[in-house]
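The values are calculated or read from the model by the stated rules, or taken from the named source; none is laboratory data. None of these values were measured; they are calculated from a predicted model. Using ideal geometry, Cβ is built from the backbone for each residue, glycine included, and neighbour counts are taken over all protein chains shown. Heavy atoms of the whole protein, side chains included, go into the accessibility calculation; ligands, DNA and RNA do not. Shrake-Rupley method; radii C 1.70, N 1.55, O 1.52, S 1.80 Å.
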Amino acid sequence: MRAAENVAFRLADHTLYVYDEERRRVSRYARETTKTDLGVSYERFANPDPGIVAAARDQFREAGVDADERLAIYVGGLEPIYHVEELLAAMEHLDDWTLVVLGTGSLVSAVERVAGERENVVFLGTVGHESIPGYLHAADVGVSLVDDPHTLKVLEYAAAGLSVVQARGRAEARFGEYAEFCEPRPPDIAAAIEHAGERGNDEAFREYASCFDYERVADTYRAVLADVLRE
């Protein structure tokens, strides 16, 4: 696969890449390179349709969740790499918080079991991606416990105005003071959620996320294509 990619880099007039880790390899083979970013549908998360927000709150009510209480939310894969079980265990230390989980994966049964045992864990399964901004706007803290600085969900959380809990590691250099970092251990996760909740709406992080709006990312591609066509 990498050999085929390297050939494609050589044949292309211009190559755009996202990850800093790929810069050296891409630059070695490509004629011209430009770094770009993963995009986020900023406006869709920052200013969702009121109907989407209302529908999410209705589902919360049906599930016995008070959207006016302190809510943490996790959206994504239910796999060990995302430290889902550690997040569930952290809720034993957070009686005054409710965790809402959206997603699917190999740990669905474990999430369902904990949700059945603990009142402050609610599992809503999978929902359409177009609905997710509504759920985020009802929450206070978004959680991402994978050691990856390029996780799109963090930008979606930020665009929605949530405070963010992120696993300590490579993402620290990217998000710095914007996120609350922790080791993926239950007591540490619980403390990070508490601290993130004290931050309130994070407008600085939201402004940062706006820099990755698809329109801005598209401008980079548009400029590169224009240069290639001129040549």
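Tell me, please, whether a residue that is in contact (Cβ under 8 Å) with a residue 40 or more places away in the chain, among the aliphatic types (A, V, I, L, M), surrounded by 15 or more Cβ atoms within 10 Å (Cβ to Cβ) and under 28 Å from Arg44 (Cα atoms) can be found in the range 113-122. Scanning the range 113-122, I find at least one residue that is in contact (Cβ under 8 Å) with a residue 40 or more places away in the chain, among the aliphatic types (A, V, I, L, M), surrounded by 15 or more Cβ atoms within 10 Å (Cβ to Cβ) and under 28 Å from Arg44 (Cα atoms), so the answer is yes. Comparison of Ala226, Ala209, Ala139 shows that the only residue that is touching a Phe, Trp or Tyr at 6+ places or on another chain (Cβ under 7 Å) and open to solvent by less than 70 Å² (accessible area, probe 1.4 Å) is Ala209. If Val164 meets every condition in (1) open to solvent by 30 Å² or more (accessible area, probe 1.4 Å); (2) in a strand (DSSP E or B) apart from one, which number is that one? Unmet condition: (1). Please determine, by comparing only the residues of the range 85-97 that are in contact with a Lys or Arg (Cβ under 7 Å, 6 or more places away or on another chain) and not in a loop (DSSP other than H, G, I, E, B), which one is nearest to Val121 (Cα to Cα). Filtering the range 85-97 for residues that are in contact with a Lys or Arg (Cβ under 7 Å, 6 or more places away or on another chain) and not in a loop (DSSP other than H, G, I, E, B), the one nearest to Val121 (Cα to Cα) comes out as Met91.
Quick grid of which residues meet (1) touching a Lys or Arg at 6+ places or on another chain (Cβ under 7 Å); (2) over 28 Å from Arg206 (Cβ atoms); (3) not in a helix (DSSP H, G or I):
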site: Val101; (1), (2), (3): no, no, yes
site: Val114; (1), (2), (3): no, yes, no
site: Glu119; (1), (2), (3): no, yes, yes
site: Ser131; (1), (2), (3): no, no, no
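Can you confirm whether Gly169 is farther than 20 Å from Leu16 by Cβ and surrounded by 18 or more Cβ atoms within 10 Å (Cβ to Cβ)? Against the criterion (farther than 20 Å from Leu16 by Cβ and surrounded by 18 or more Cβ atoms within 10 Å (Cβ to Cβ)), Gly169 does not qualify. Of all residues in the range 136-150, those that are part of a strand (DSSP E or B) and of a type in the set (A, V, I, L, M) total 2. Highlighted here are the helices (runs of 4 or more DSSP H) found entirely within the range 1-84 that include at least 2 residues which are acidic (Asp, Glu): 50-62. Quick one: which residue in Val101, Val75, Val84 is open to solvent by less than 70 Å² (accessible area, probe 1.4 Å), closer than 15 Å to Glu117 by Cα and touching a residue at least 24 places away in the same chain (Cβ under 8 Å)? Going through Val101, Val75, Val84 in turn, just one is open to solvent by less than 70 Å² (accessible area, probe 1.4 Å), closer than 15 Å to Glu117 by Cα and touching a residue at least 24 places away in the same chain (Cβ under 8 Å): Val101.
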